[in-house]
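All remarks here apply to the structure that follows.
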Amino acid sequence: MNRVLEVRNLHVRRQNRNVLQGIDLVLEKGEAAVLSGSNGCGKTTLLRCIAGLLSHETGSVSLLGKDWNSSEWKRERHQLAYVSQEQQSRDFPVTVEEMASTGLAGSRMKARERKNVIHKALDETGCLDLKDRYFFSLSGGERQRVALARCLCQSARILLLDEPLTYLDKEGRQAFSRLLEKIREDHGITILLVTHTEDDLNAAGWRRIHMKDGRLVSC
């Protein structure tokens with residue numbers, strides 16, 4: 001059994017409203033899934049619970065066989081990467097290379113090895129020629145690719161993406177889909193991607209999941 005993510009009977013209540021109602025979800029190693037649903041149905045809340053950014057009333061979340069709240073998982077939390085809807089401040093003067101390097105936070109790599117890892121990640125995501133540009137000057141598609149480079153620097157085994165296709169045109173969505181598929185094939189990363197509609201993602205072989213009113217209605 002190669003279960004990477006296991007969510008069981010997850011319930012979350014916020015502001016007197018049941019946001020998640022008995023969520024059950026299992027993803028295997030290297031599996032990719034797209035979670036679609038309308039605004040307010042609970043998609044982002046589910047991602048944030050999996051990432052450990054929100055607590056839940058009842059149920060459990062297990063990552064790589066470890067409970068999300070255990071000390072064992074907290075020591076290995078770098079193996080999960082979360083890319084939120086809101087990227088870092090548009091005006092913060094950080095370069096693409098510096099942004100990607102945040103995936104190595106806490107690493108004890110030597111400077112040359114660190115630089116090699118960053119450049120390899122930028123190259124794999126098609127961002128190497130952008131390394132000296134300011135992050136805030138990039139287009140939406142370029143920012144998403146830099147975010148993926150950060151995840152590769154992090155050596156993540158689980159990738160959670162919240163609405164990464166929102167600001168991309170049709171061509172940009174197709175290019176991003178191809179990049180995600182290549183990263184999944186090359187690195188064996190398990191991916192859960194949230195979007196308004198699964199039609200936004202042009203990737204064959206992805207598992208399709210739909211959420212409505214805090215429940216998964218098809219898996």
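Read-outs throughout are calculated quantities, based only on the coordinates presented, and are distinct from any laboratory measurement. Since this is a predicted model, take the numbers as computed values, not measurements. So basically every Cβ, Gly included, is an ideal-geometry build from the backbone, and we count neighbours across all protein chains shown.
Our estimate of slack between Ala204 and Ala105, defined as 0.36 nm per intervening residue step minus the Cα-Cα distance, is 32.3 nm.
The sum of -39500 (n - 2.57) across all DSSP H runs of n ≥ 4, divided by the residue count of the chain, sets its helix-only mean residue ellipticity at 222 nm to -9000 deg cm²/dmol. Which pairs break 28 Å Cα to Cα here: Lys66/Lys115; Lys29/Lys120; Lys182/Lys212; Lys66/Lys170? Those over the limit are Lys66/Lys115; Lys182/Lys212; Lys66/Lys170. Site pair Tyr167 and Arg17 shows an inter-label distance of 2.5 nm when each label is modelled 7 Å from Cα along Cα→Cβ. Equivalent ellipsoid of region 116-207: semi-axes from √(5λ) of the C-alpha gyration tensor, largest first, are 20, 17, 11 Å.
Legend: calculated FRET efficiency, Gln174 to Tyr134, from the Cβ-Cβ distance at R0 = 25 Å, rounded to 0.05, equals 0.40.
What's the angle, to the nearest 10 degrees (0 to 90), between helix 170-187's Cα axis and the longest principal axis of the chain? So the inclination is approximately 90 degrees. With N counted as the residues of region 55-118, its alpha-carbon radius of gyration over 2.2 N^0.38 Å works out to 1.47.
Semi-axis lengths, largest first, of the ellipsoid equivalent to the chain are 28, 20, 16 Å, with √(5λ) applied to each eigenvalue of the Cα gyration tensor. Result for the chain in a Gaussian network model with C-alpha springs under 10 Å: among Gln15, Gln79, Gln144, the largest mean-square fluctuation is at Gln15. Taking Cα pairs under 8 Å and at least six residues apart, what relative contact order does region 1-59 come out at, in percent? Relative contact order here is 39 percent. Against the main long axis of the alpha-carbon atoms of the chain, helix 111-124 sits at an angle near 70°.
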